[in-house]
Amino acid sequence: MSKKYRSIRGTADFDSHQAYAFNRVVEIARQSFKNYSFDEIILPFLEEEGLFVRGVGQNSDIAEKQLFRIQDKDGVVLRPEGTAQVVRYFLENSLFNHGDFFKFSYIGAMFRGERPQKGRLRQFHHLGAEAIGSDNPALDAQIIILALDILDAVGVKEKELLINTLGCDKDKEIFSKELVKKLDSKKNNLCEDCKRRLGKNPLRVIDCKNKECKKTVTSLNIGEGRLCSNCQTHFDEVLGVLDMLKIKYTHAPYLVRGLDYYTNTVFEITSSALGSQDAIGAGGRYNNLIKNLGGPDIPAIGFALGIERILIALGESGEKERLKAYVAVADNSLRGDALKMVNELRGEGISCDTDYCLKSLKGQLRAAVKRRARFVVIFGEEEHKKGCVLLKDMDKSIQSEIKTKDLINEVKNA
Ligand SMILES: [Zn+2]
Ligand SMILES: [Zn+2]
């Protein structure tokens, strides 16, 4: 017996309904990106490992255990996220010499190499946006509102926007030291990962999903008053713009995001419709990433939304598009005429199909119902002699004889 092939664990096939729902989300997002004046770019799946180790952070989960390495290509990985990649593109093409402000969007697959767990795929899809070249708080607000707009437009309900600020690198460093001091006596309550993180990247402890770690961190009472005045002003202004535009948010002082490149504003959007604590999307400022990857000192901010997570939040609401017309024949001698009609209808941009399996008329009608055709066009011998066809309106359950030459207009105008 020959081997039966199965899909790779952690990957998912999209059936035609899911593909329709997926494409609908993509199309709506694309329109939003256009409305906000973002330019879409398409970047490769493959990148150098170092880009993410250096960009996202050596001690981040992504670099430590999630990179999808290509076994026989040393140092090549499947991209885990879009931001570092967009920055690589920006720097490789020296775009900073061609303007001072850029807005990019991207839509595509991302990959994770760790063992797949429930709800965590090896291949998943992001739609994201990056705005490069401005430190203006209004831009932070705009990026957040764009992410919310897309989720609104696709129909994700019960969203919550969580927002926080990490401050600049200096603020992060001071905060990290404080955290280490505060956690020193509570070390034994932390998970193994966090014990390690404490020495390398203490901020990540705050991000840990482990229950005990969460409890320990909450007991620390970290809160306000740890930012320099510039960063505090920036954050206040971001919140001011959100207030002005009546965007609801929750200030979440424990939100740090798992990637090292974030500075100042970070945010996450969750939805109770997702049924877990995972975010639908997240983003933030990364004012030092471009410099850290060897470029000039240019501030930037961006976000990414998980398309699979959006689809889970939407539930089963994705309906496939209907077929406009199904062309059937009562007699095999009329199949040639039917094919000609199918071609004409398609030429007019009307979605239609016909039978290719020599089914009986009854079988053809069943196929039309299965495809949810709005109209069935029946070529019958009697009608054909008069230059007519039968047009069946499946929604209204009425059938009428019409001139073949009038058919296209009739279907088009319905
Ligand atoms: Zn600061
Ligand atoms: Zn932990």
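The values are calculated or read from the model by the stated rules, or taken from the named source; none is laboratory data. Note that this is a predicted model, so its numbers are computed, not measured. Cβ coordinates were reconstructed from backbone atoms using ideal geometry, including for glycine residues, and neighbour counts include every protein chain displayed. Just so you know, the surface numbers come from the protein's heavy atoms only, side chains and all, with ligands and any DNA or RNA stripped out. Shrake-Rupley method; radii C 1.70, N 1.55, O 1.52, S 1.80 Å.
Hey, does region 27-41 have a residue that's surrounded by fewer than 20 Cβ atoms within 10 Å (Cβ to Cβ) and at pLDDT below 95?
no
Here are the criteria: (1) polar (S, T, N, Q); (2) closer than 30 Å to residue 155 by Cα; (3) in contact with a strand residue (DSSP E or B) (Cβ under 7 Å, 6 or more places away or on another chain). Tell me which single one residue 351 does not satisfy.
Looking at each condition in turn, residue 351 falls short on (3).
For residue 412, work out the one condition from (1) surrounded by 14 or more Cβ atoms within 10 Å (Cβ to Cβ); (2) at pLDDT below 95; (3) of a type outside the set (A, V, I, L, M) it doesn't fulfil.
(1)
Could you list all residues from region 253-266 that are more than 19 Å from residue 302 (Cβ to Cβ) and more than 16 Å from ligand 2 (Cβ to nearest atom)?
Listed by number, the list holds a single entry, 253.
Out of all the residues in region 21-37, is one or more within 30 Å of residue 205 (Cβ to Cβ) and in contact with a strand residue (DSSP E or B) (Cβ under 9 Å, 6 or more places away or on another chain)?
No, because not a single residue in region 21-37 is within 30 Å of residue 205 (Cβ to Cβ) and in contact with a strand residue (DSSP E or B) (Cβ under 9 Å, 6 or more places away or on another chain).
List the pairs whose first member sits in region 367-385 and is of a type in the set (S, T, N, Q), whose second member is in a strand (DSSP E or B), and whose Cβ atoms are under 7 Å apart, counting only residues at least 6 apart or on separate chains?
none
Give just the number: which of (1) hydrophobic (A, V, I, L, M, F, W, C); (2) in contact (Cβ under 8 Å) with a residue 12 or more places away in the chain; (3) buried (at least 18 other Cβ atoms within 10 Å of the Cβ) does residue 45 not satisfy?
(3)
How many of the residues in region 158-192 are more than 16 Å from ligand 1 (Cβ to nearest atom) and polar (S, T, N, Q)?
Of the residues in region 158-192, 3 are more than 16 Å from ligand 1 (Cβ to nearest atom) and polar (S, T, N, Q).
Kindly evaluate residue 178 against the criterion of being of a type in the set (Asp, Glu), within 23 Å of residue 263 (Cα to Cα), modelled with pLDDT under 95 and open to solvent by 10 Å² or more (accessible area, probe 1.4 Å).
Taking the combined requirement at face value, the residue satisfies it.
Within the bounds of region 120-138, is there any residue that is free of Cβ contacts under 8 Å to residues at least 60 places away in the same chain and over 20 Å from residue 278 (Cβ atoms)?
yes
Out of the residues in region 165-190 that are under 31 Å from the mean Cα position of the chain (by Cα) and in a loop (DSSP other than H, G, I, E, B), which is nearest to ligand 2 (Cβ to nearest atom)?
Per the criteria, the residue is 166.
If I filter region 193-218 down to residues being part of a loop (DSSP other than H, G, I, E, B) and in contact (Cβ under 8 Å) with a residue 60 or more places away in the chain, which single residue comes out as farthest from ligand 1 (Cβ to nearest atom)?
209
Looking at region 225-243, I want the residues that are under 16 Å from residue 145 (Cα atoms) and have a partner that is away from ligand 2 (no atom under 16 Å from the Cβ) and among the small types (Gly, Ala, Ser) with Cβ atoms under 7 Å, at least 6 apart or on another chain. Which pairs are those?
From residues that are under 16 Å from residue 145 (Cα atoms), the pairs are 238/141; 241/138; 241/141; 242/141.
Can you find a residue in region 141-157 that is assigned to a helix (DSSP H, G or I) and within 16 Å of ligand 1 (Cβ to nearest atom)?
Checked against the condition, which is being assigned to a helix (DSSP H, G or I) and within 16 Å of ligand 1 (Cβ to nearest atom), region 141-157 yields no hits at all.
Could you list, in sequence order, all residues of region 198-213 that are surrounded by 15 or more Cβ atoms within 10 Å (Cβ to Cβ) and either under 28 Å from residue 143 (Cβ atoms) or away from ligand 2 (no atom under 16 Å from the Cβ) (or both)?
201, 202, 203, 204, 205, 206, 207, 208
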